[in-house]
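The values are calculated or read from the model by the stated rules, or taken from the named source; none is laboratory data. Every value quoted in this text rests on a predicted model; they were computed, and no experiment measured them. Glycine also receives a Cβ, built like all others from the backbone with ideal geometry; neighbour counts cover every protein chain displayed.
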Amino acid sequence: MKNIKGISLIVVTTLVSFLLWFFAAQSELVDSVDRARHVVAGLALNGFFLNFLLAARNKTLEKWFNGLDKLYVHHKFIALGTLALLFVHVVLSDQLKTTEEINIRVVTGGLAMFLLVVLIGITLFAKKMTYEKWRVTHRIMLPIYIIALIHVNLSSHIPLLQFSLLSIWVGLTALIGIMSAIYVIFFYQKSGFNYKGNVTKITRLSPNVLEWEITLTEPIKFLKGQFIFIKVFQKGFETAPHPFSISGGDGKKITLTTKISGDFTKQLYDSLELNTQVALEGLYGLMDFSHGKKKQLWVAGGIGITPFIAYLREDHPDQQIDMYYSYNGPDAGIYKEAIEEYQKRNKSFQVHFIDTSVEPFLSFEGYTLTDDTDVFMCGPEKMIKGYAAYFRKNNRNANITYEAFKLR
Ligand SMILES: Cc1cc2nc3c(=O)[nH]c(=O)nc-3n(C[C@H](O)[C@H](O)[C@H](O)COP(=O)(O)OP(=O)(O)OC[C@H]3O[C@@H](n4cnc5c(N)ncnc54)[C@H](O)[C@@H]3O)c2cc1C
């Protein structure tokens, strides 16, 4: 299990929070409901802290979670867990209520809860909302956290402003959480995008896929298979950074291959202009074919071909690669000729094309995955997660690295 460090981070901080709040409640509070209410609130605060930390796009944490996409899955479930804890906290607090009085403690608690419900509702149900708008709504998470901290400090029956292990822990996690949030909201966009360049070539590969070359002022040292976040400074274009795998280039020049899937990718396809300035941030991604085992199984779905094609632009005659490339319709099978050419030159590379507009979905039923094979997959989330589950069921030692083109 490659994300053991990431899971340990969640488990250890949760355990520390639980123990500190539990023992403080035991020594300071008489009523068992009041104790439980405090412990639950402490765990919720830890949930906030973890979520801000995970959202800071830290490269060490990316490795700990075995990829940014998997890190964001944990981020989502921690948010849901935190919400559940807050509901429990409200129910327990209600049992202790002796008066109907509305005071600052009630208002701050109610407000934090209400805003969090709205925010999580937007994330889970407003699927049609563009990423740009969703990202803006997500920023209210910081005020929610601050309101929650104020609420805890005002209403806790355990003194949090006096020196104790618990107060140090609460202060430290709050500080790291708030700093992470401030970095992501106010500084990441300005300080992170250090690689600058401009668009030097544009090719339309199909009715909805664009390949564009960027020439950088300073070369970027990337591993074939990695991805970056890019901002495109063209009038009328979305300003949010978008993640794309690097599909080729030597570092001084890089290519991106983008498929229309919403507003920004449509803007790129329809009206990206030569010489447009861009800024890049990265590098991310764990699809490192060069350091994988000699024997590899590759599965690409649709536009998920991009990390693989970056690697196939150069020959690797020593690596024994079995590739499955699934796409829907001839137009979607981009780079097919280039892959066929690669196969002709590299005898230990074998490709299988699956055009799902004329044949059934790719299935690995009956496929034997040996321990000496590394699996790399990239494509629609549902597809690759399904294959990953199948491989793991049939080989406990399966070493699988995959990237779903999704971060929320
Ligand atoms: C690691 C990674 C690598 C990717 N590589 C490629 C690639 O090589 N080629 C390619 O065509 N697509 C790639 N994508 C997908 C690409 O980022 C989205 O299709 C694109 O950002 C959609 O933006 P939009 O405005 O056109 O569509 P929208 O309708 O705004 O978004 C569609 C979906 O794309 C995702 N998305 C949108 N904006 C962002 C953002 N700023 N940050 C994170 N996710 C976002 C969200 O899941 C969203 O629901 C990759 C995604 C990830 C996470």
Report task. Say whether the condition of being crowded, with 22+ Cβ neighbours inside 10 Å and free of Cβ contacts under 8 Å to residues at least 40 places away in the same chain is met by at least one residue in region 245-259. Result -> no
Query raised in the report: L50 fails exactly one of the following numbered conditions: (1) closer than 27 Å to I400 by Cα; (2) surrounded by fewer than 22 Cβ atoms within 10 Å (Cβ to Cβ). What is the number of that condition?
Result: (2)
Query raised in the report: within 15 Å of the ligand (Cβ to nearest atom), among the charged types (D, E, K, R) and not assigned by TED's automatic domain parsing to the domain that holds G225 - does that describe any residue in region 357-371?
Result: no
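Assess whether A388 counts as being surrounded by 11 or more Cβ atoms within 10 Å (Cβ to Cβ), among the aliphatic types (A, V, I, L, M), under 20 Å from D318 (Cα atoms) and free of Cβ contacts under 8 Å to residues at least 60 places away in the same chain.
Details: surrounded by 11 or more Cβ atoms within 10 Å (Cβ to Cβ): yes; among the aliphatic types (A, V, I, L, M): yes; under 20 Å from D318 (Cα atoms): no; free of Cβ contacts under 8 Å to residues at least 60 places away in the same chain: yes.
Judged against the criteria, A388 is not a match.
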Query raised in the report: Any idea which residue in region 388-403 is nearest to the chain's Cα centre (by Cα), counting only those that are more than 7 Å from the ligand (Cβ to nearest atom) and farther than 17 Å from T370 by Cβ?
Result: Y402
**Report entry** Top-ranked residue in region 109-129 [being among the β-branched types (V, I, T) and surrounded by 14 or more Cβ atoms within 10 Å (Cβ to Cβ); ranked as farthest from the ligand (Cβ to nearest atom)]
**Finding:** I120
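Search region 62-108 for residues being among the basic types (K, R) and either at pLDDT 85 or above or in a helix (DSSP H, G or I) (or both), and hand back the single one that is surrounded by the most Cβ atoms within 10 Å (Cβ to Cβ). Step through it out loud before you land on a result.
Of the residues in region 62-108, the ones among the basic types (K, R) are 63, 70, 76, 97, 105.
From the residues that got through so far, the ones that are either at pLDDT 85 or above or in a helix (DSSP H, G or I) (or both) too are 63, 70, 76, 105.
Working: K63: 17, K70: 19, K76: 15, R105: 17.
Ranking the candidates gives K70 first.
Could you list, in sequence order, all residues of region 310-331 that are farther than 20 Å from I254 by Cβ and surrounded by 22 or more Cβ atoms within 10 Å (Cβ to Cβ)? Please lay out each step first, then the result.
Taking region 310-331 first, the residues farther than 20 Å from I254 by Cβ are 317-331.
Listed by number, the residues that qualify are I321, Y325, S326, Y327.
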Report summary line: Quick count over region 334-361, residues being part of a loop (DSSP other than H, G, I, E, B), under 25 Å from S290 (Cβ atoms) and within 30 Å of the chain's Cα centre (by Cα), is 2
Report summary line: When region 136-178 is checked residue by residue, the ones that are surrounded by 14 or more Cβ atoms within 10 Å (Cβ to Cβ), free of Cβ contacts under 8 Å to residues at least 24 places away in the same chain and either out of contact with any helix residue (DSSP H, G or I) (no Cβ under 6 Å at 6 or more places or on another chain) or β-branched (V, I, T) (or both) are T137, H138, N153, S167
Report task. Filter region 143-174 down to residues that are among the polar types (S, T, N, Q) and farther than 20 Å from T14 by Cβ and give me whichever is farthest from the chain's Cα centre (by Cα). Result -> Q162
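Do any strands (runs of 3 or more DSSP E) entirely within region 220-290 hold 3 or more residues that are within 7 Å of the ligand (Cβ to nearest atom), and if so, which?
Values: elements: 227-233, 242-249, 253-259, 277-284.
Where strands (runs of 3 or more DSSP E) fall fully within region 220-290 and carry at least 3 residues being within 7 Å of the ligand (Cβ to nearest atom), they are 242-249, 253-259.
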Query raised in the report: Is there a residue in region 307-319 that is among the polar types (S, T, N, Q) and outside any loop (DSSP other than H, G, I, E, B)?
Result: no
Report summary line: Checked against (1) under 29 Å from A55 (Cα atoms); (2) within 25 Å of the chain's Cα centre (by Cα); (3) touching a residue at least 60 places away in the same chain (Cβ under 8 Å), V209 satisfies every condition except (1)
